[in-house]
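Participant: Pasting a structure below so you can have a look.
Laboratory data are not the source of any read-out in this text; all were calculated from the coordinates shown. Keep in mind the model is a prediction, meaning the values are calculated, not measured. Because the Cβ atoms are built from the backbone with ideal geometry, glycine has one as well, and the counts that use them run over all protein chains shown.
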Amino acid sequence: MPKISIDKERCKGCLLCVNFCPKGLIKSSQKLNKNGINYVEFLDKDNTCLGCMQCAIICPDCCIEVYR
């Protein structure tokens, strides 16, 4: 099962990964990082992540790592 790790402190909340996730498993968090930005969270309760890496590829700040 793929797993995604997001560096919430580096995330600038651009939401590109949210738009590119084919399963809609990345969402904007209500929490803030140290810069006062709503970072993104990976929410995959049903283990449906494809491990396609679209989120990691599109992230302009390289905040996302995908483990297969």
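Participant: Excluding residues fewer than 8 places away in the same chain, name every one of the lysines whose C-alpha is closer than 17 Å to that of K8.
Facilitator: The qualifying lysines are K27, K31, K34.
Participant: On a straight-distance basis, which aspartates and glutamates could pair with K12 in a cross-link, Cα separation under 13 angstrom, same-chain partners fewer than 8 positions away excluded?
Facilitator: E41, D61
Participant: Could you give the Stokes-Einstein D for the chain in µm² per second, using the C-alpha Kirkwood radius, 20 °C, 1.002 mPa s?
Facilitator: My calculation gives 181 µm²/s for D.
Participant: Follow-up question, since we're still on this one. With unit charges on the beta carbon (Lys/Arg positive, Asp/Glu negative), name the residue among N33, P60, S5 whose Cα is farthest towards the positive pole of the charge dipole of the chain.
Facilitator: Going by the Cα projections, it comes out as N33.
Participant: Dipole magnitude of the chain about its Cα centre, charges +1 at Lys/Arg Cβ and -1 at Asp/Glu Cβ only, in debye to the nearest 20?
Facilitator: The calculated dipole for the chain is roughly 100 debye.
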